[in-house]
Each structure stands twice: as structure tokens, then as C-alpha cells.
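Following: one structure in C-alpha cells, then a few remarks.
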Amino acid sequence: MSQNLNEVSAGFERFNRAADNNKAVILTQLKRLLGTGERVLEIGSGSGQHAVFFSDAMPDITWQPSDTEPYFKALRLNLERVSIANLMSPCYLDVSAFNAPGRFNTVYCANVFHIMPADLIEPMFDGVAQALLPGGRFVVYGPFKYGGEYTTPSNAQFNEWLLANGKHQGIRDIERLQEAASAVGMSLVEDIAMPANNQLLLFSL
């Protein structure tokens with residue numbers, strides 16, 4: 001990314017430090033997974049930091065950011081400040097009533113499952129499956145539990161913080177995501193350990 005875009009992103013409304021910290025390691029995985037000419041739908045784009053960074057770093061990929069309130073207004077205003085040919089204008093997308101603008105090779109989300117209500121996991125996978133083209137993939141980044149257990153004590157502490165800030169939040173069990181995926185014809189094909197006790201999950205349709 002150009003220095004100018006770095007400076008612009010640093011001034012984004014709702015700037016997220018975690019998104020800034022993890023963008024480079026996620027990009028390495030996305031470059032491995034995505035093919036030339038693919039269309040990517042990002043769910044929960046937040047401030048738009050990932051959308052700007054990834055679309056600038058992968059000019060042969062079309063990136064469609066999306067979110068709902070209370071984030072959408074800031075996302076739209078932030079992205080009006082940049083001009084990247086393969087970065088689309090953000091669309092409003094509520095996963096409880098999934099209405100994607102077309103179909104995509106890949107759907108991507110980072111740090112979304114633990115901040116949304118758990119009862120939206122199944123509608124999320126149903127909507128993603130409908131938005132994906134045949135053979136498409138769902139790339140998910142964030143912390144997860146395995147067999148009901150946290151991967152590290154720090155993730156257990158993070159979960160306590162999440163619940164204190166919203167009872168609908170919490171680190172999810174990977175088994176529940178796998179069940180939701182299986183119900184719509186998707187399967188978990190990769191589970192990659194990432195820095196800061198996160199995982200990168202790849203579901204395939």
C-alpha cells in the first residue's frame with residue numbers, strides 16, 4: 001500500500017488497531033487462496049481498513065465491502081476518501097436478512113462471529129452459501145473454541161471482556177460453525193493457526 005493510503009486509513013472513523021495489526025498476515029493467506037479476477041464479498045468491513053489494504057495489494061481482485069449499522073455510515077464515509085479501481089462502494093448487508101449484491105468466488109470476514117449474536121451463525125452460513133458461486137469459499141478469521149475449550153488463557157479472558165461489553169457476544173465453538181456449514185453443503189478444508197491466538201478457517205462449497 002502506498003504511504004498516502006496508509007495515512008488515510010490511519011485517520012478512518014472507527015479505526016481498529018487489531019485490524020491494522022493483522023492485515024499483513026491475513027494478506028499472505030489471501031494471496032495464496034485467491035485467483036486472478038475473483039470477486040470477494042467482505043462481511044463486517046467495519047472501518048474499511050482491510051478493504052482498502054487488500055484491494056490495493058491485490059489489484060486483480062474485485063473487493064466488495066459491506067456492513068450494517070452502527071458501522072455502515074462510518075464505512076461509507078471512510079471509503080469515499082480513497083480511490084481504488086477494484087474497490088467497490090460498500091453495500092448495506094445484515095446477515096439476519098442476507099441480501100448480497102450478486103454472487104462471489106469468495107466471502108471473507110474477520111473478527112465477526114464473536115461480536116454478533118450466536119443465533120445468527122446459521123443464517124450467516126445460509127446466506128454465504130447462496131452468495132457463493134459453485135466451488136466458492138468462505139474465509140473466516142478470528143478466535144474460536146475447540147471442544148468447548150479456549151485455545152489460550154488470554155482468549156478466555158477476552159471472552160469475559162466480550163460478555164461484559166455485550167451479552168450477545170462471545171468466542172464461538174468451531175464445531176457449531178462446522179455444523180452450520182455442513183447444513184448448507186459446505187465443509188471446513190483448512191484451519192490455520194494465526195498470530196495473537198487467532199485462526200484462519202477455510203470453508204469450501
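The figures follow:
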| read-out | value |
| --- | --- |
| Two-site FRET efficiency, residue 18 against residue 86, from Cβ-Cβ distance with R₀ of 30 Å, rounded to 0.05 | 0.75 |
| Computed P(r) (all Cα pairs; segment 112-204; 5 Å bins; percent) | 3, 14, 24, 26, 18, 10, 5, 1, 0 |
| Two-decimal ratio, the chain, of alpha-carbon radius of gyration to 2.2 N^0.38 Å | 0.96 |
| Inter-probe distance in nm under a simple model that places probes 7 Å from Cα toward Cβ, at residue 4 and residue 189 | 3.9 nm |
| Relative contact order computed over the chain (Cα-Cα under 8 Å; 6+ residues apart), in percent | 17 percent |
| Normalised contact order of segment 1-87, rounded percent, pairs of Cα under 8 Å and 6 or more residues apart | 33 percent |
| Excluding exposed DSSP-loop trypsin sites (Lys or Arg not before Pro) (at most 14 other C-beta within 10 Å), longest clean stretch of the chain | 1-80 |
| Excluding exposed DSSP-loop GluC sites (Glu not before Pro) (at most 15 other C-beta within 10 Å), longest clean stretch of the chain | 81-205 |
| Reachable lysines, given that their alpha-carbon falls under 19 Å from the alpha-carbon of residue 145 and they are not under 8 places away in the same chain | 167 |
| Estimated [θ] at 222 nm from DSSP helical runs (n ≥ 4, -39500 (n - 2.57)) normalised by residues in the chain, nearest 500 | -11000 deg cm²/dmol |
| Residues of type lysines that residue 31 reaches as a straight line, Cα spacing below 21 Å, ignoring anything fewer than 8 places off in the same chain | 23 |
| Sorted by Cβ neighbour density within 10 Å, fewest at the top, the residues 114, 168, 50 | 168, 114, 50 |
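Rule-based calculations on the coordinates, nothing more; no lab input. Values in this document were obtained by computation on a predicted structure and should not be read as measured data. Counting neighbours? That spans all protein chains shown, and the Cβs are built from the backbone with ideal geometry, glycine included.
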